[in-house]
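Here the structure is laid out as structure tokens; the discussion comes afterwards.
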Amino acid sequence: MPSPGVAQSAASAQQSFPVVEYRADRMLIMPRAGVSPRALAEFHTAQQTVVLRRFEGLGGWEVLQLPPDTTVADFITSYERSGLVAFAEPDYARQLALSPNDPYFASGALWGLNNDGQSGGVADADIDAPEGWDVLTSASNIIVAVLDTGIRHTHEDLAANLWAHPLDGSPGWNALTGTNNPVDGDGHGTLVSGIIGAEGDNGKGATGVAWRVRLMAGKCFNTLGEVGFDSDIITCLEFARAHGARIVNASFSGTAFSHSLSNAIATARAAGIILVAAAGNNAADLDMIPRYPACYDLDNIVSVAATTRNDELWSSSNFGATSVDLAAPGHQIYSTFFLNDGFYLGPVSGTSLAAAYVSGTFALMLARFPAETHQQIIARVLDAADRLPALAGRCATGGRLNLRKALSPPVLLSVLPTGPDEPFQLRVAAGPNRTCVIESTTGFTGWTSVFTNTTSAAGFFDFTDLQPPDAPQRFFRATAGF
Ligand code: CA
Ligand code: CA
């Protein structure tokens, strides 16, 4: 039996762990280039520090053990004053990265978001969602219209993310009945909605690409046969445009070219609306046999093929070297379903689901880059796709969606003007609050990280190279860390 005193201290420890910022008995240093190892070793001896680890591949970077009853700050000061180190700093504490607590994510069922190779898949055949969520999880002001069979808007993992009509609170429009009750009697629309925006980190069910978003239900497909007609599709598209939707998920296709549908999407384009279209599930080449809306020649349409957990094109997915833009996970997918408020379905497959991954990505992109045009946002997502051998010649990008890369702008390195006797200076620009690494090499045979910092709200930081003038010629590059 533990004594009451022990039980009490355990309880208080749970309530408030002390915040450890750094180890009190260690320090990290980077030797200056050209400093002799012997001079550094002699300084260590004089300071009574002990080298615990040394990494030649990190430029001779060292972990030092400090003598007892001393403070890290004192040693940082003395090492920096010694002239022997490029920097000295505390051994900072880290916390485990947050991942959502939704059971289907934790179990690995949602491989499209994070694939560790579970269930016979290929590790990292995914959209790098956790890394993307380090940048942004929420698109709570972005309305995504789901033109589909309706949405079970009371579902436990969707209810919080439904759009609400400002006048009556309804979640969208039912073009089949002409009412504001877009009930899902089929399930397709509820499946698609959960991939875009099932509520993340709520301890229930799945998580969407966007943890928070506004899902607008546009019911234009019936339950029997899952058929939708252009009249109803366009009615819902106009409802979406009139009520502020920024993205339209169009997980459907047909072979007929309709001027009406083309014109309606062109009108949506003028409002800056991005329409994400499924390529379809006919194992067909859309360059030969076009399907619509995927193949309309409008720059606000993004057409999507489906990949598997092995980063292969799904066997039934349509494709097209010019008419399909990119691929996204669409095989053996789990998501919310319409049968009751706690129902989830899977595994299911289809380019409908792949399109939903892309729509969820666009929601986060519009939240991240609110000032950009639809062309700029689409270009970011397409440029960020992971090029895959299996997709070469199968879609225009030859790539599969990558959320992390889409949310992270490229890193730009520029040389700042300095006087002849001033140290060399670089500016790293990469968008706000982004951690970047400057690396250096003398012979291009190996790169050493020399400086890591996080960009300001204005999107940059500067680096001053304090190496001595007689140091060998060096080249620099900068990359983003995550
Ligand atoms: Ca990954
Ligand atoms: Ca959830």
- request: Could you look through the stretch 346-404, keep only residues that are free of Cβ contacts under 8 Å to residues at least 40 places away in the same chain and assigned to a helix (DSSP H, G or I), and pick out the one that is least open to solvent (accessible area, probe 1.4 Å)?
  value: Ala379
Sole exception among (1) buried (at least 20 other Cβ atoms within 10 Å of the Cβ); (2) within 30 Å of Gly272 (Cα to Cα); (3) in contact with a helix residue (DSSP H, G or I) (Cβ under 7 Å, 6 or more places away or on another chain) for Leu136, by number: (1)
task: Answer with yes or no whether Ala250 is open to solvent by less than 50 Å² (accessible area, probe 1.4 Å), in the same structural domain as Pro182 (by TED's automatic domain parsing) and either of a type in the set (Asp, Glu) or in contact with a Lys or Arg (Cβ under 8 Å, 6 or more places away or on another chain) (or both).
output: no
statement: Checked Ser193, Ser170, Ser253, Ser258 against criteria (among the polar types (S, T, N, Q) and touching a helix residue (DSSP H, G or I) at 6+ places or on another chain (Cβ under 7 Å)); the one match is Ser258
message: Taking the condition of being among the acidic types (Asp, Glu) and either open to solvent by 50 Å² or more (accessible area, probe 1.4 Å) or modelled with pLDDT under 85 (or both), how many residues in the stretch 429-474 meet it?
response: 2
- request: Go through the stretch 109-135 and count every residue that is on the phi < 0 side of the Ramachandran plot and more than 16 Å from ligand 2 (Cβ to nearest atom).
  value: 14
Residues of the stretch 215-230 classified as of a type outside the set (A, V, I, L, M, F, W, C) and surrounded by 23 or more Cβ atoms within 10 Å (Cβ to Cβ), total: 2
field: Near pairs, Cβ below 9 angstrom, 6+ apart or cross-chain, from the stretch 30-52 (in contact (Cβ under 8 Å) with a residue 60 or more places away in the chain and on the phi > 0 side of the Ramachandran plot) to any residue that is exposed (fewer than 12 other Cβ atoms within 10 Å of the Cβ) and of a type in the set (A, V, I, L, M, F, W, C)
entry: none
query: Val213: among the β-branched types (Val, Ile, Thr) and in contact (Cβ under 8 Å) with a residue 40 or more places away in the chain, yes or no?
result: yes
task: Find all pairs meeting these conditions: Cβ atoms under 6 angstrom apart; at least six residues apart or on different chains; first residue within the stretch 239-267 and in contact (Cβ under 8 Å) with a residue 24 or more places away in the chain; second residue open to solvent by less than 20 Å² (accessible area, probe 1.4 Å) and among the polar types (S, T, N, Q).
output: Ile247/Ser359; Asn249/Ser359; Ser251/Ser352
statement: If we keep only residues of the stretch 91-101 that are modelled with pLDDT of 80 or more and within 15 Å of ligand 2 (Cβ to nearest atom), then the residue most open to solvent (accessible area, probe 1.4 Å) is Asn101
message: Residue under question is Asp186, and the condition is that it be more than 16 Å from ligand 2 (Cβ to nearest atom), within 30 Å of Arg387 (Cα to Cα) and either surrounded by fewer than 24 Cβ atoms within 10 Å (Cβ to Cβ) or not assigned by TED's automatic domain parsing to the domain that holds Gly360 (or both); does it hold?
response: no
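Residue under question is Tyr104, and the condition is that it be open to solvent by 10 Å² or more (accessible area, probe 1.4 Å) and aromatic (Phe, Trp, Tyr); does it hold?
Values: open to solvent by 10 Å² or more (accessible area, probe 1.4 Å): yes; aromatic (Phe, Trp, Tyr): yes.
Yes.
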field: Any pair with Cβ under 6 angstrom, 6 or more apart, that starts in the stretch 99-128 at a residue that is closer than 19 Å to Asn202 by Cβ and touching a residue at least 60 places away in the same chain (Cβ under 8 Å) and ends at one that is within 15 Å of ligand 2 (Cβ to nearest atom) and of a type in the set (A, V, I, L, M, F, W, C)
entry: Asp102/Ala206; Tyr104/Leu110; Tyr104/Ala206; Leu113/Ala129
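Considering only residues of the stretch 304-317 that are touching a Gly at 6+ places or on another chain (Cβ under 7 Å) and not in a strand (DSSP E or B), which is most open to solvent (accessible area, probe 1.4 Å)?
Of the stretch 304-317, the ones touching a Gly at 6+ places or on another chain (Cβ under 7 Å) are 306-307, 309-310, 314, 317.
Then keep just the ones that are not in a strand (DSSP E or B); that gives 309-310, 314, 317.
Details: Arg309: 23, Asn310: 60, Trp314: 32, Ser317: 2 Å².
Among residues in the stretch 304-317 that are touching a Gly at 6+ places or on another chain (Cβ under 7 Å) and not in a strand (DSSP E or B), the one most open to solvent (accessible area, probe 1.4 Å) is Asn310.
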- request: With a cut-off of at least 3 residues that are under 29 Å from Glu312 (Cβ atoms), name the strands (runs of 3 or more DSSP E) lying wholly within the stretch 196-292.
  value: 247-250, 274-278
- request: Quick one: Pro423 ticks every box in (1) open to solvent by less than 40 Å² (accessible area, probe 1.4 Å); (2) not in a strand (DSSP E or B) except a single one, so which number is it?
  value: (1)
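If only one of Ile301, Ile233 is more than 26 Å from the chain's Cα centre (by Cα), buried (at least 21 other Cβ atoms within 10 Å of the Cβ) and aliphatic (A, V, I, L, M), which one is it? Spell out the reasoning first.
Working: Ile301 fails: more than 26 Å from the chain's Cα centre (by Cα).
It is Ile233.
The values are calculated or read from the model by the stated rules, or taken from the named source; none is laboratory data. For clarity, every value in this text was computed on a predicted model and none was experimentally measured. In this analysis, Cβ positions are derived from the backbone assuming ideal geometry, glycine residues included, and neighbour counts consider all displayed protein chains. Accessible surface is based on the protein model in full, side chains and every heavy atom, while ligands, DNA and RNA are left aside. Shrake-Rupley method; radii C 1.70, N 1.55, O 1.52, S 1.80 Å.
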